[in-house]
1. Can we say Phe239 is at pLDDT 95 or above, more than 26 Å from Gly41 (Cα to Cα) and either within 14 Å of ligand 1 (Cβ to nearest atom) or over 20 Å from the mean Cα position of the chain (by Cα) (or both)?
2. Given the structure, is Lys403 within 16 Å of ligand 2 (Cβ to nearest atom), open to solvent by 60 Å² or more (accessible area, probe 1.4 Å), of a type in the set (D, E, K, R) and not in a loop (DSSP other than H, G, I, E, B)?
3. Scan region 225-234 and give yes if some residue there is more than 9 Å from ligand 1 (Cβ to nearest atom) and touching a Gly at 6+ places or on another chain (Cβ under 9 Å), otherwise no.
4. Looking at Thr325, Thr332, Thr397, can you tell me which residue is among the β-branched types (Val, Ile, Thr), in a loop (DSSP other than H, G, I, E, B) and either out of contact with any Ser or Thr (no Cβ under 6 Å at 6 or more places or on another chain) or open to solvent by 50 Å² or more (accessible area, probe 1.4 Å) (or both)?
5. If only one of Thr339, Thr386, Thr320 is in contact (Cβ under 8 Å) with a residue 24 or more places away in the chain, β-branched (Val, Ile, Thr) and closer than 30 Å to Arg416 by Cβ, which one is it?
6. Please work out which residue is nearest to ligand 2 (Cβ to nearest atom), limiting yourself to region 139-197 and to residues that are open to solvent by 30 Å² or more (accessible area, probe 1.4 Å) and acidic (Asp, Glu).
7. In this structure, does Gly270 turn out to be without any contact (Cβ under 8 Å) to a residue 60 or more places away in the chain and farther than 27 Å from Thr397 by Cβ?
8. Search region 285-300 for residues being open to solvent by 10 Å² or more (accessible area, probe 1.4 Å) and under 21 Å from Lys363 (Cβ atoms), and hand back the single one that is farthest from ligand 2 (Cβ to nearest atom).
Amino acid sequence: MTEHNHDHDHEGHEHITLVDEQGNETLYEILLTVDGQEEFGKNYVLLYPAGIPEDEDVELQAYSYVENAEGTEGDLQQIETDAEWDMIEEVFNTFMAEELFTPHNIIVTGGCGFIGSNFVHYVYNNHPDVHVTVLDALTYAGNLENIKGILGDRVEFVHGNICDAELLDKIVPGHDAIVHYAAESHNDNSIANPEPFLKTNVEGTFRLLEAARKYDVRYHHVSTDEVYGDLALDDPAKFTEQTPYHPSSPYSSTKASSDLLVRAWHRTFGIRATISNCSNNYGPFQHVEKFIPRQITNILEGLRPKLYGNGENVRDWIHTDDHSTGVWTILTKGRLGETYLIGANGERNNITVLRDILTVMGKSPDDFDWVKDRPGHDRRYAIDSTKLQTELGWKPTHTDFQKGLEQTIKWYTDNRAWWEPAKAATEAKYKQQGQ
Ligand code: NAD
Ligand code: TDX
C-alpha cells in the first residue's frame, strides 16, 4: 500500500489518497497519528473514508510508517504484531475519551511558585469537584500570596518540604494523584550553587516517587525541555519525545535525573506515572530573577535591562495558562509511562523579546546593557508538541505572543507590591555575578 497524495483541506483536515492493487483510489481523512517510536520504532496513522457523516459506522484503517528524511510519512505499511494493535487501540480509546482518569483529591507540590500556582488556579476555576492540597516549602521562589485568594475548602496549604518522607507519610494517603511542580528552577542559581538543586530536584522527586509507590497514587512529573540540551540556531529540527537527553546546566541535569527516576519507577515498580517537558513559560507571577520579569521590572525601577552574551539565544515561549491545560490533559488522558512535550511554537531570540519589551514600555530599543554570558548557555530550545496535540487533543490558546507579553507587562506595572520585596536582593545577586 503506498501513499499517493497527502494534503490539507480548507478546514485543516489532513487527507491521504490510497491506491489498492487494482489501481482504485480512495480518499481518507487522517483521524489520528500515533507515536510508537519508543516501543516499535515506527509511527501509525488511523484513517477513515473522507466525506462520511460523523455518526455513520465506518471501518477505520490503520497503517504504520517510518518518517522519511523530510519528516513526513514515508510509505504506509501493514501493521504486523498484536502488540502494535493493542497500543493503537489504547491510543484510540484515549483519543475518544473525555477523561480517562478523574482525580478528586490531588497534591500539587510547588503550588506557591509561578507555574504551580497557575495550575492550582486552573483546577480551582475549571474542576470544582477536585480538592487540591498544595505542598510547598516557601523557598525564596514560593509566595503564599499566589494562592491566598482561593485557600479554603477546596484548596488547602501544607507548609513543608518534598524531601520530608515523614511528612509525605502523613499527607499522601487519601489523595489520588501527585502533580509535582516543586523545584529549584533557575539556571543561574544552579551555576552559583548547585547543591539545593540536587536536594530538591533529585532527592525530592525520589521521595515523592517512593510515596506514590507506597500509597499507590498516580504521579505526574512536570519537567522541562532543557533536559534535551540545545539546538543550533539554524537547525530546522525541534525537540521531540525521542530526542536523546543531553542537559547542559546543573539545573537541567537535575531535572533530567528526576525524569529518569520517574521512568525507572514506572518500569520497575509499576508507578502510574506520566511526564511532561515544557518550553519556557511567561506570564504573571513569574519571579523577577527570570528573563522577562527581570527586564520589565528593571525598566519600572529605572534600571537598564541586561542581555547575556550576544542576545541571539532562542527560547520557545508558552503562556503559563497553556502549560496548565497541557498538564491537566496529560494527567487525565495521558498514557501511563509516556512523556509528552508541551509547547506553543513561540520561538524568539532574546534580543527580539527585549526590544519588544522596551518598545512597549516606551523606551528606545537600544536602551539596555550587554552583560557577561551565562556559562554553558544553551543556544536554542524548540518544542514539537505534535504528540500531545494529535493523541490527546490539546491546543494552546495564547497564540499571540506580542499580546501575551503586553498583558504581562501590564500585570507587573499594576502589581508592584507583589514583586518589589524580591527585587533588590535578586539584583544584588546578579551584580555579584557580573550580570
Ligand atoms: P518557581 O521557582 O517559580 O517555583 C518553585 C516552587 O517550588 C516554589 O513555590 C518553591 O517554594 C517550591 N519549592 C522549592 N523547593 C521545594 C521543596 N524542597 N519542597 C517543597 N517545595 C519546594 O518554579 P516555576 O518556574 O514555577 O517551575 C515549576 C516547575 O516547572 C519546575 O519543576 C520547573 O522545572 C518546571 N518548568 C519550568 C519552566 C519555566 O519556564 N519556568 C518550563 C518548563 C518546566
Ligand atoms: O537577565 C537575563 N538576561 C538574559 O539575557 C536573564 C535572567 C536571562 N537572559 C537569557 C538567558 C536565556 O537565554 O534569557 C533567556 C531566558 O533565561 P531564563 O529566564 O533564566 O530561562 P531559561 O534559562 O531559558 O530557563 C527557563 O526555561 C526552562 C526556566 O527558568 C526553567 O525553569 C525552565 O526549565
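1. For Phe239, the condition - at pLDDT 95 or above, more than 26 Å from Gly41 (Cα to Cα) and either within 14 Å of ligand 1 (Cβ to nearest atom) or over 20 Å from the mean Cα position of the chain (by Cα) (or both) - is not met.
2. Spelling it out, it is not the case that Lys403 is within 16 Å of ligand 2 (Cβ to nearest atom), open to solvent by 60 Å² or more (accessible area, probe 1.4 Å), of a type in the set (D, E, K, R) and not in a loop (DSSP other than H, G, I, E, B).
3. Scanning region 225-234, I find no residue that is more than 9 Å from ligand 1 (Cβ to nearest atom) and touching a Gly at 6+ places or on another chain (Cβ under 9 Å), so the answer is no.
4. Going through Thr325, Thr332, Thr397 in turn, the sole match is Thr397.
5. Thr320
6. So, considering only residues that are open to solvent by 30 Å² or more (accessible area, probe 1.4 Å) and acidic (Asp, Glu), the one nearest to ligand 2 (Cβ to nearest atom) is Glu195.
7. When the stated conditions are applied, Gly270 passes them.
8. That would be Leu300.
The values are calculated or read from the model by the stated rules, or taken from the named source; none is laboratory data. Fair warning: this is a prediction, and the values are worked out from it, not measured in the lab. Methodologically, a virtual Cβ is constructed for each residue, glycine included, from the backbone with ideal geometry; neighbour enumeration extends over all protein chains shown. Accessible surface areas use protein heavy atoms only, side chains included; no ligands, DNA or RNA. Shrake-Rupley method; radii C 1.70, N 1.55, O 1.52, S 1.80 Å.
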